[in-house]
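Before any comments, here is the structure.
The values are calculated or read from the model by the stated rules, or taken from the named source; none is laboratory data. This one's a predicted model, so the numbers in the text were calculated from it and none came from an experiment. Cβ: placed from backbone, ideal geometry, glycine included. Neighbour counts: every protein chain shown.
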Amino acid sequence: MRHLKVWRYIDEVARTGSIRQAAERLNVTASALNRRLQDVEKELGTPLFDRLPRGVRLNAAGELLIRHIRDQIADTSRVRSQIEDLSGFRRGKIALACSHALAYRLLPEEITAYRADFPQVRFDVRILGHGQALDALTEFDVDLAVVFRPSPSPDFAVIAAADQPLVAIMRRDHPLAARPVLRLRDCLAHPLALPDGNYGGRQMLAEAAARRSLPVEPAIESNSFEFLRNVVLREDAITFQIAVGAPPAEGDADGLVSRPIDTRDVPPGRLAIGQLRGRPLTVAAAKFAQRLVQRLESAAPAAAR
């Protein structure tokens, strides 16, 4: 599989846009890496990169080749995983991108449980917005993406999807915490600590409020859910998250609780697990995807009214 080494060299140059930076990452000299590139270009009879004053960029021929290279690298990883699986081993790496909501409890719990069974499997987890997650799939940076309200894409093959309602997060002693289900109008009457407009939960909130002509005026806005949780711990504010990323109704160790928003006010959104269409998963990634599907299906909440 010597050609795969050369393929990885070309892939790294394409990702970094620099022969020098790629050489540093690959632990080879820039001159040796450049000679390898020139050998491939000579064999193919065409340049693959445009040499720029500051770096390099794939040309049309390079774009065609890089897709083939990444297919080959992915296929080799999948076959290696299947061979190891036949031998009774569970090795390799699972790379996945996910929405911020899954970083709170679900993914740490599932990865820990999976590695308890298969400790030789490594994970590379990237917390990304749904657009960035789909980009990571198409660039072969990740095997799986778990995203909330994904935009329609011909490249995204959905493995499974589940409805996720919006919930309000607050301190256990908040005035609204005594209610089992909340109406949106009542929530908006309290100080709001909201994620910014790039997040699906915020978009759901804005759409629902607009339908009912309700103003949404956050006291605090941030792109960090950890920050928002810490704000809510310190004052009688409310933040919002989808159910899979929220504290349990009975409360967490910090004293935060979640309460569902009436689905008549805010309909649920779809949380989808998917892969790049046409790209087979490794054995390890396929097994982990099955585990995530089972968890989401078993945890699917009932509509709150």
request  = Could you tell me which residue of region 202-227 is farthest from Asp254 (Cα to Cα), considering only residues that are free of Cβ contacts under 8 Å to residues at least 40 places away in the same chain and aliphatic (A, V, I, L, M)?
outcome  = Ala210
task = With respect to Ile69, determine if the residue is in contact with a helix residue (DSSP H, G or I) (Cβ under 7 Å, 6 or more places away or on another chain), in a strand (DSSP E or B) and touching a residue at least 40 places away in the same chain (Cβ under 8 Å).
result = no
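Test Thr76 against the stated conditions and say whether it is farther than 30 Å from Leu194 by Cβ, out of contact with any strand residue (DSSP E or B) (no Cβ under 8 Å at 6 or more places or on another chain) and without any contact (Cβ under 8 Å) to a residue 60 or more places away in the chain.
No.
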note = Within region 190-205, residues being among the polar types (S, T, N, Q) and in a helix (DSSP H, G or I) number 1
message = What's the total number of residues in region 223-253 that are in a loop (DSSP other than H, G, I, E, B), out of contact with any Phe, Trp or Tyr (no Cβ under 9 Å at 6 or more places or on another chain) and either hydroxyl-bearing (Ser, Thr, Tyr) or farther than 18 Å from Asp196 by Cα (or both)?
response = 9
Matching residues, region 128-148, being part of a loop (DSSP other than H, G, I, E, B) and more than 17 Å from Leu292 (Cα to Cα) = Leu128, Gly129, Glu139, Phe140, Asp141
inquiry  = Condition first: under 19 Å from His68 (Cβ atoms), in contact with a Ser or Thr (Cβ under 8 Å, 6 or more places away or on another chain) and not small (Gly, Ala, Ser). Can you find one or more residues in region 1-17 that meet it?
reply    = yes
remark   = Restricting attention to region 164-184, the residues that are closer than 10 Å to Asp262 by Cβ and β-branched (Val, Ile, Thr) number exactly 1
query = Restricting attention to region 265-289, which residues are modelled with pLDDT of 90 or more, under 19 Å from Ala113 (Cβ atoms) and outside any strand (DSSP E or B)?
reply = Phe288, Ala289
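For region 149-187, which positions are assigned to a helix (DSSP H, G or I) and of a type in the set (Lys, Arg)? Quick ask: steps written out before the conclusion?
Here is the first cut: in region 149-187, the ones assigned to a helix (DSSP H, G or I) are 175-178, 184-187.
Once the filter is applied, which keeps residues that are assigned to a helix (DSSP H, G or I) and of a type in the set (Lys, Arg), region 149-187 yields only Arg185.
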